[in-house]
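The values are calculated or read from the model by the stated rules, or taken from the named source; none is laboratory data. Given the structure is predicted, the values throughout are model-derived calculations rather than measurements. So basically every Cβ, Gly included, is an ideal-geometry build from the backbone, and we count neighbours across all protein chains shown.
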Amino acid sequence: MNETLLTIARKLHNSSRYRKAKLAIRDLLTNPQNDYRKYFDLTIVFLIVTSVIILIYEVKHPVPLWIEYYDLYFVSLVFAVEYLLRLWVVNDVSEMILDEYRDSRFLGKPFRAKKPLKKAFRQKLRYMLTPSAIIDLLAIFPAYRPVRVLRIFVLFRVLKLLRYTKSINQFIEVLKNKQFELYTLLFLLAFMVMTAGIAIYVLEERINPNIESLFDAIYWALITISTVGFGDIAPVTDEGRTISIIIIVFGIAMISFATSVIVSAFSEKLNEVKESRIIEKINKSESFLIICGYGQMTKMFLRQNHNGNQDYIILEKDSERVEAARRMGYDVVHEDASRTEVLQRFNTKYAKITLLCLTNSDVENIYITLTAKSISKKIEVIVRANAQNMVKKFEYAGADHILLPHDVVNNMIHIAITQPTMYKALHAVLTGKDAAQIYEIHMHRYSDLAGKTLSDIDFKAFKLLFLGIHRNGEFLFNPAPDTIIEPNDVLLVIGRGISLQHFEEIHKGVA
């Protein structure tokens, strides 16, 4: 038996198709960022809703045979398969058997498959006893509706919506955050209901014809404290009416307290929900900016980006600056960009991400750069440095571009004093106040240009003035016409936006 299980485990371990299939199914069922997860969730929600509609319709109407088969067999079969798949991906029994075999050989003791099988069974049983797994199992039971009482289990399919509806999950999470207050409130409610029920039962059981048992008294106490008051049971003695007054007042106070607890919980959660939706929205973009820090440089950049031609999101850990950015209408998230789990929330796998480290601290900017590069080397990091002696450190950290705002300002002031005419021209081009602006043409976007020479591109035909090439960290000003264009070159040109658009239309070889 042990050898048979070991042989099966080896075959499964060596089967790339099996491992890929299990990994794909686990990712689909457990990863909210899976590309196909949205379609899977919508399918399950559709099956749940149609199943409940059929249950309601067949109370007073005969159901066609094909609809009954759809509900009894197809829907239940899909839920059963989903349940078994979730149970399957909880753990990997074959890997556990192989691990036990390796340990046995290392320790020189006989291999026994019983231990990993028991461990795997306990893990699966632990999953089966979770609330979500129990709901999934009960949702399958309506397939056996020849036993009529089991038809009520169709309603458990509604509870499956908890797994697939984000809003409901957020509501439950809010309640979990206030579970101590809610448990305290529930305990007080139970105490008052039981006390008032017992008191009214002792006082009026013999003289009130509507109170025949302790259950009647507790029922009266519950509907009274909840301020529902059906009126089918009412106290007939002064003592009973006094108890009614007390628990009515207590009920109003308890409802007010519960309302304040839930409202405060939702107000605390509201910003978090909004921030999550901002991140989800930005992750749908093919390219976007992550701006770390909301300071003066960020404000200047966003003012230049007033046309909204670049998707962005701001990460700021200071709550006052976060509120200031929100008042300005910017998309900001109250998070620390140096934390790995924060940057991992972004679509670093498929989107082109540019990270702007614009905080006032060089140390913090270096740490953010290291964190970003550890997550993905594809993230382009543009970082602010406050001093020249920090440039090497940023280069070692992996920064792609380093900004020295103080040096730039000093140079611009010097030019403005010594060469005011040139300063005005540069200022007009850089700020876009004139018709012409400086543009970057990245060669990796144009497969038809790589390998050609500069003389092969007629910049004058596009009304563009060629300045030079940025290559391997160096800028080549006005290189020779026979210079060969390399795939990673960045060409700098001056011209109007319409000229650049015309250039892009002609050279459509986008990689």
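Exactly one residue out of Thr195, Thr237 is within 26 Å of Ala258 (Cβ to Cβ) and of a type in the set (Ser, Thr, Tyr), and it is Thr195. Assessment of the range 280-296 against the conditions (of a type in the set (A, V, I, L, M), surrounded by fewer than 14 Cβ atoms within 10 Å (Cβ to Cβ) and under 21 Å from the mean Cα position of the chain (by Cα)) yields no matching residue.
Taken over the range 451-480, the residue count meeting the criterion of being out of contact with any Gly (no Cβ under 7 Å at 6 or more places or on another chain), closer than 18 Å to His507 by Cβ and of a type outside the set (A, V, I, L, M, F, W, C) is 7.
Check the range 312-331 and report whether any residue there is in contact (Cβ under 8 Å) with a residue 60 or more places away in the chain, on the phi < 0 side of the Ramachandran plot and crowded, with 16+ Cβ neighbours inside 10 Å. No: zero hits. The residues on offer are Ile25, Ile48, Ile56, and the sole one that is loosely packed, with under 14 Cβ neighbours inside 10 Å, of a type in the set (Val, Ile, Thr) and over 22 Å from Phe346 (Cα atoms) is Ile56. Here Glu486 clears all of (1) in a helix (DSSP H, G or I); (2) charged (D, E, K, R); (3) in contact (Cβ under 8 Å) with a residue 40 or more places away in the chain except the condition numbered (1). Quick check: is even one residue across the range 62-79 under 25 Å from the mean Cα position of the chain (by Cα) and surrounded by 12 or more Cβ atoms within 10 Å (Cβ to Cβ)? No. What's the total number of residues in the range 117-148 that are over 13 Å from Leu84 (Cα atoms), at pLDDT 75 or above and outside any helix (DSSP H, G or I)? Residues that pass the stated criteria total 2.
For the range 466-483, filtered to residues that are touching a residue at least 24 places away in the same chain (Cβ under 8 Å) and either touching a helix residue (DSSP H, G or I) at 6+ places or on another chain (Cβ under 7 Å) or outside any strand (DSSP E or B) (or both), the residue that is surrounded by the most Cβ atoms within 10 Å (Cβ to Cβ) is Phe466. Does at least one position in the range 367-383 carry a residue that is polar (S, T, N, Q) and modelled with pLDDT under 85? The answer is no; no qualifying residue exists.
In the condition set (1) in contact with a His (Cβ under 6 Å, 6 or more places away or on another chain); (2) buried (at least 19 other Cβ atoms within 10 Å of the Cβ), Thr371 is compliant with all but (1). For the range 260-279, the candidate set comprises residues that are more than 22 Å from Leu182 (Cβ to Cβ) and among the aliphatic types (A, V, I, L, M); within that set, the residue that is surrounded by the most Cβ atoms within 10 Å (Cβ to Cβ) is Ile279.
One line per residue, one yes/no per condition, for (1) touching a Gly at 6+ places or on another chain (Cβ under 9 Å); (2) farther than 17 Å from Leu343 by Cα; (3) in the same structural domain as Thr359 (by TED's automatic domain parsing); (4) not in a loop (DSSP other than H, G, I, E, B):
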position: Thr371; (1), (2), (3), (4): no, no, yes, yes
position: Lys378; (1), (2), (3), (4): no, no, yes, no
position: Val381; (1), (2), (3), (4): yes, no, yes, yes
position: Asn389; (1), (2), (3), (4): no, yes, yes, yes
position: Lys393; (1), (2), (3), (4): no, yes, yes, yes
position: Tyr396; (1), (2), (3), (4): no, yes, yes, yes
position: Met412; (1), (2), (3), (4): no, yes, no, yes
position: Ile417; (1), (2), (3), (4): no, yes, no, yes
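I need every pair where a residue in the range 98-116 that is more than 14 Å from Asn2 (Cα to Cα) has its Cβ under 9 Å from the Cβ of a residue that is loosely packed, with under 13 Cβ neighbours inside 10 Å and of a type outside the set (Asp, Glu), sequence separation at least 6 or different chains. Partner pairs satisfying both residue conditions: Asp103/Lys109. With respect to being among the β-branched types (Val, Ile, Thr) and either surrounded by fewer than 21 Cβ atoms within 10 Å (Cβ to Cβ) or more than 28 Å from Asn34 (Cβ to Cβ) (or both), Val383 fits the description. Among the residues of the range 7-30, is any within 25 Å of Asp136 (Cα to Cα) and assigned to a loop (DSSP other than H, G, I, E, B)? Looking through the range 7-30, none of the residues is within 25 Å of Asp136 (Cα to Cα) and assigned to a loop (DSSP other than H, G, I, E, B).
Taken over the range 1-60, the residue count meeting the criterion of being within 30 Å of Leu98 (Cα to Cα) and in contact (Cβ under 8 Å) with a residue 24 or more places away in the chain is 14. Annotation: of all residues in the range 85-121 being within 27 Å of Ile140 (Cβ to Cβ) and of a type in the set (D, E, K, R), the one that is surrounded by the fewest Cβ atoms within 10 Å (Cβ to Cβ) is Lys118.
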